[in-house]
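Scroll down for the structure; my scribbles are underneath it.
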Amino acid sequence: MIQLFKQAKLNKMTVFLLLVFTTLQMAGTLLLPTLTADIINDGVMAQNMNYVLRTGALMLSVAILTGLFSVLSTYFSSEVATRFAKNTRKRLFAHTQQLSYQDYKHFSASSLITRATNDIEQLQSTLGMFFEMMVPAPFVVLIGMILAFARDPAMALIILVSSIVMVVVFGLITTKVFPLFAKVQKGLDQMNGSVAQYISGIRVVRAFNRTKLETERMDESFQDFARVNIKINRLFAAMMPLIMFVMSLTTVAIVWFGGRRIEGGNMQIGDITAIMQYTGNILMYLVMMVFVVIYIPRAKVCAQRIREVTDYKPEIKDGDAEIEAHTKLSLTFKDVTFRYQDAENAVLKNLNFTCKEGTTTAIIGGTGSGKSTIARLIPRLIDATSGQILLNGVDIKDITQEETRSRIGFVPQKAFLFSGTIADNLRHGNPSATLEDMKHAASIAQSDDFIMEKDGGYDAMISQGGKNLSGGQRQRISIARMLMKKPDIYVFDDSFSALDFKTDAALRNALKEITENAIVINIAQRISTIRDADQILVVDEGEIVGCGTHDKLMKTCEVYQEIAHSQLSKEELAT
């Protein structure tokens, strides 16, 4: 947690003012019992009204200032804790943006959400309590004990014994609580994961009539989480009566022994009043200190979980090379092999091919042949295990990710849209785009017509993931978003699969006018989508088993022939 605090880069002046006002608050808290004793001993008992008025005015001033310092201390502690949470969450999110497709396998989505929300909130609340309660507590307890001993050592001994008893009680309870906090955070991960899985798969659950089963599974995760929290709360519930018992017993002891000492002339009434106030302050701050100590292990668990992410070394690292200026743009796969982490066999094996400017390269193959993996390699969503991917002769591993991706337009296999308007989604491709720019891109993507039919047109709202649109509409808006970018390389990862044949053909024809000087890579399942490509790569079990035009592959590649005959009739193949 200390490391995270340093990395949060907080305003030093704010922290300094927090410590100043906390110190002044402690000083006022410790000064009031002394003034109380003096006003009773030297004013009330001596019947000196002038002294009572002077000291009373001073006490009132100290009380007001102490209250003001307390408010300012709380304000600045909240400012520090909130700023810490903001900066830590920002740094955590920024680091997750550097993680590759494979890196995300180390952290589930539900776990990352819990770490970015609940874990940081726990740290924020603990940090606020630390400055408000933990920082002043040792000084109030120590100085309060010294002042109590100065008043009457015998009475101060009662306070010391009570403090030791409370610490022992706290120690016994906290040893039971500490191991449970880690279970709480893991339980949150599991619970969030169960809820996210149920909601995202609700259609499948209902289609198979498995609502009851999934509900029972969710109930199980809820019950596990509840059991751990109930156990913690029971321990805390047992602690509070013990605290009150010790404090009450201490008060009775001070009054009884104090009365005996006053009767014997060894102590003044004002002194016992001051000692009772010291006792209240000492025990109260001791309770607050231990209360914070109890939560520190949970904060430690949360800090470790956050640092697991921020300290994780991303698989993909930036280089500093510049792309050479060539007359013709080229993308080359040179002996590229890729294997997923912990996988026995490689998904791709020694791929070699070149895509040139002004040409369309199509990639086709069976399910699981590695087509989408090739698509992810090009914008460096994942990195090749071995071999090189060269952009204008430069290995993309030696170029910054920003530079590489600025040249590449990528439409993933599963079209995803963000919540907001259609215009907001299109501007992901070009933040400064005008309405005319969006209409042009949408017309090429065959989406302008259905967009204009919607209430609001380009200002029509889209739900998260585009769930209020059909699959074909999502794909076309995703393609339009990519066209807004005007990249050098267009990568379509089976992006026309939800389109009918007529829309597919119209879209491909419209694309030709804007891709004359670009590289187009079209990954598809349908022969009709890729048969006009300049070169077609046939991928089977991670290897290229055929390369050439449609006519050439129909004569030389058995795998391509099987795919073609399974999709098209002899008459369609002959045309």
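Helix 471-485 and the long axis of the chain differ in direction by around 90°, with both axes built from C-alpha atoms. Mean residue ellipticity, 222 nm, helices only, the chain: the sum of -39500 (n - 2.57) across DSSP H runs of n ≥ 4, divided by residue count and rounded to 500, is -20000 deg cm²/dmol. In this simple spin-label model, placing a label point 7 Å from the Cα along the Cα-to-Cβ direction at both LEU249 and SER566 gives a separation of 8.0 nm.
Kirkwood analysis of the Cα pair distances in segment 317-410 returns a hydrodynamic radius of 13.9 Å. For LYS356, the lysines whose Cα comes closer than 21 Å to its Cα, not counting residues fewer than 8 places off in the same chain, are LYS328, LYS334, LYS371, LYS397, LYS485, LYS486, LYS512, LYS552. Applying a DSSP loop filter and a limit of 14 other Cβ atoms within 10 Å to the GluC sites (Glu not before Pro) in segment 479-575 leaves GLU513, GLU516.
Taking N as the residue count of segment 4-67, its C-alpha radius of gyration divided by 2.2 N^0.38 Å amounts to 1.68. Against the chain, whose longest principal axis is taken from its Cα atoms, helix 211-263 shows a tilt of about 20°. Note on segment 439-512: Kirkwood hydrodynamic radius from all Cα pairs is 12.7 Å, rounded to one decimal. With the biggest extent put first, the Cα atoms of segment 138-248 measure 78, 24, 18 Å across the principal axes. When the alpha carbon gyration tensor of segment 101-200 is reduced to an equivalent ellipsoid, its three semi-axes come out at 45, 15, 9 angstrom, largest first. The residues of the chain expose on average 51 square angstrom of accessible surface per residue, using a 1.4 Å probe on protein heavy atoms.
Local charge for THR367 was computed over the other residues whose Cβ lies under 15 Å away, with Lys and Arg +1 and Asp and Glu -1, and equals -2. Each listed q (0.06, 0.07, 0.08 Å⁻¹) maps to a log10 I(q)/I(0) for the chain, found by the Debye formula over equal Cα scatterers with no solvent: -0.52, -0.64, -0.75.
Principal axis analysis of the Cα atoms in segment 84-160 yields extents of 69, 19, 14 Å, listed in decreasing size.
The distance between label points at ALA506 and THR175 comes to 7.7 nm (points 7 Å beyond Cα on the Cα→Cβ vector).
Per residue, the convex hull spanned by the Cα atoms of segment 390-448 amounts to 130 cubic angstrom. Only lysine pairs 8 or more places apart, or on different chains, with alpha-carbon atoms under 21 angstrom apart are counted in segment 99-256, and they number 5.
Viscosity 0.692 mPa s, temperature 37 °C: give me the Stokes-Einstein translational D for segment 340-487 in µm²/s, with Rh taken as the Kirkwood radius over C-alpha pairs.
191
The angle separating the long axis of helix 120-129 from the principal Cα axis of greatest extent in the chain is about 20 degrees. Net length available on complete extension from VAL20 to ARG234 is 73.3 nm, with 0.36 nm assigned per residue and the Cα-Cα distance removed. Temperature 37 °C, viscosity 0.692 mPa s: under these conditions the Stokes-Einstein estimate for segment 12-139, based on its Kirkwood radius over C-alpha pairs, is 183 µm² per second.
Report the far tail of the P(r) of segment 195-270, meaning the percent of Cα-Cα pairs longer than 22 Å.
Working: 1739 of 2850 pairs.
Counting every Cα pair in segment 195-270, those more than 22 Å apart make up 61 percent.
Provide the FRET efficiency to the nearest 0.05 for the LYS313-SER108 pair, computing r from the beta carbons and using R0 = 22 Å. For LYS313 and SER108, the calculated efficiency is 0.70. The portion of the accessible surface of the chain made up by carbon and sulfur, rounded to a whole percent, is 58 (1.4 Å probe; DNA, RNA and ligands excluded).
The values are calculated or read from the model by the stated rules, or taken from the named source; none is laboratory data. These figures come from a predicted structure and were not determined experimentally. So basically every Cβ, Gly included, is an ideal-geometry build from the backbone, and we count neighbours across all protein chains shown. These accessible areas exclude ligands, DNA and RNA; they are computed on the full protein's heavy atoms, side chains included. Shrake-Rupley method; radii C 1.70, N 1.55, O 1.52, S 1.80 Å.
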